[in-house]
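Values quoted throughout were computed directly from the atomic coordinates according to the rules given, and no laboratory measurement underlies them. Being a predicted model, the structure only gives us computed values, none of them experimental. Quick reminder, even Gly has a Cβ in these numbers, built from the backbone with ideal geometry, and neighbours come from all protein chains shown.
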Amino acid sequence: MGYFKDILKYEKKYRKFTVLNIVFNILYAIFNVLSVLAFIPVLGILFETDKTVIKKPVYENLTGIGTYLKESFYYIISEKIKNEGSIKTLVFICLLAISLFFLKNFFRYLASYVITFLRTGIVKDLRDNLYKKIVELPISYFSEKRKGDIIARMTADVQEVETSILTSIETIVREPLTVIIAISIMLFMSVKLTLFVFVLLPVSGFIISSISKKLKSNSVKAQKETGNFLSFIEETLTGLRIIKGFNAERIIEDKFNTSTTNFKKLTTSVFHRKTLASPMSEFLGSATIIAILWYGGTEVLSNTSALQPDEFMGYIVLFYTVLNPIKLITTTFYNIQKGEASAERIMQVLNTENDIVDKENALVKKDFKQQITFKNISFKYKEDYVLNDFSLTINKGETVALVGQSGSGKSTLANLITRFYDINKGEVLIDGENIKNITKKSLRDLMGIVAQDSILFNDTIANNIKLGTQNATDEEILAAAKIANADEFIQPLKEKYNTNIGDSGNTLSGGQKQRLSIARAVLKNPPIMILDEATSALDTESEQLVQVALEKMMQNRTSIVIAHRLSTIQKADKIVVLQKGKIVEQGKHEELLAKKGEYFKLVTMQSLS
């Protein structure tokens, strides 16, 4: 139940609702038992076994309060029968009983009413914390996890926690109270008979617990499988064009069907075990009642019990009142076991350590003055080093282009300077300060990023442009769009800058999306600009428009340009040629061509192509 306890930690914020729920449930439990006890005098009147109490009982001490209350009640009933007759007394008892039933259900409603605030509050906090954690976690975490699995944890697992664990909280509070109060009165009525009941109940408990052993493990597997088929859905929607283009619908469907078949088998097993809880506990409860009828009935009929027949019948009804809470507690145990699996998956994310964190008293760097230095750095994503003892200095105001074949480490340098990943060895310095000593926020405030894939959001053009600069004015947004050559395609749109561009900006062309990305970086106006193959996915016409926009943007800035198309970086102050994570050449375009080395080969290959 460790993860169940982790979920309950979120209850502290809503403690007042917990307290109110407990108070209302105590009142519910009291009136629940009293509503049953009220029928004993009815049975006494019907069977004519009522005890006539002529003398008004006198309270002596706390130990005898049970007898005092019982005798007082019988005294009132005796007086009523004597003064008003059995029929009117029966009406009085029935009205008393219905009043008790009303109060019982009224307090039950109030308990459920206040617990709703606790349930919905915890679910909101769980989702908020999960989302916050996902945003905070380093990019490396998501390279190992499937997006569908993360989505499943935020949706299906949180939903399971709500339906399985949080709905069980009230049962955990209410039903044991009912059982304790009822058993206390049963002990008062007959110690011998209640001890007999205590012998039978553990046997029932052992049988029920033995059924639930596999419930949690199957629930874990089922929730994991939910993540698998959600991943299939996400991948299908993303790659639908490729799936159709290669006539691969059947292959993808078979994979998805295999996942859902596994999910069906696991959930069938879970539901079978869960649904067995209620009938099994009811059957065992009924068997216990029959055993009590036999044992207690024998005692009453042979006059060896202190209970009268009407009290014995009341005892049976009271025990039956205990059975339903026990059945609910059993079902709740199954629900919690099922919910534990989801709670475990949620807490795995929330308890994940973030390796890329700010140091205590980290420096808030507000400007960039001199240079960026990669000093003897080594880095690996998994086992093999992508960069090994790499060093490079980029002076303020320089445009430095990184070129080389795929896998040479160009994009890795962009990931390291922004601290999306942390290096394994060496240092990355800005103005001589190790970036690990600088707060992540202030470090990234110094940088603008234009990536190969234009990451846009399902929002208006204006909101996409001002993503990192929320307080930007309309004039500033317009100016940034003009620098990025984006204003020319925005103005003809019906709603102009208030146009919603759809999911991932799918209503725009590749060149238009990239120019919006550039406008976003321009508006941020950072001293350092990182361009990660910003034109490689564009056609020739779009590339020319974007290239002009990039050149405008890079004026008076320090720029790191990762380029695949070498025609775009001829004006760079320094071109660095990478091969297997090491610098093999560096210099200006003309200098490197004259050397007729690796850069010359790359330019020649692109010219031939």
- Query: Once you put a point 7 Å from the Cα of M154 and another 7 Å from the Cα of T352, both along the Cβ direction, what distance in nm separates them?
  - Reply: 1.2
- Neighbour-count ranking for I289, I233 (other C-beta within 10 angstrom, fewest to most) reads I233, I289
- Message: Classify the range 348-445 from the C-alpha gyration tensor, please: rounded if a/c falls under 1.5, else prolate or oblate depending on whether a/b exceeds b/c.
- Response: oblate
- Message: How large are Rg and Dmax for the range 107-159 when calculated on the C-alpha trace, in angstrom?
- Response: 15.4, 51
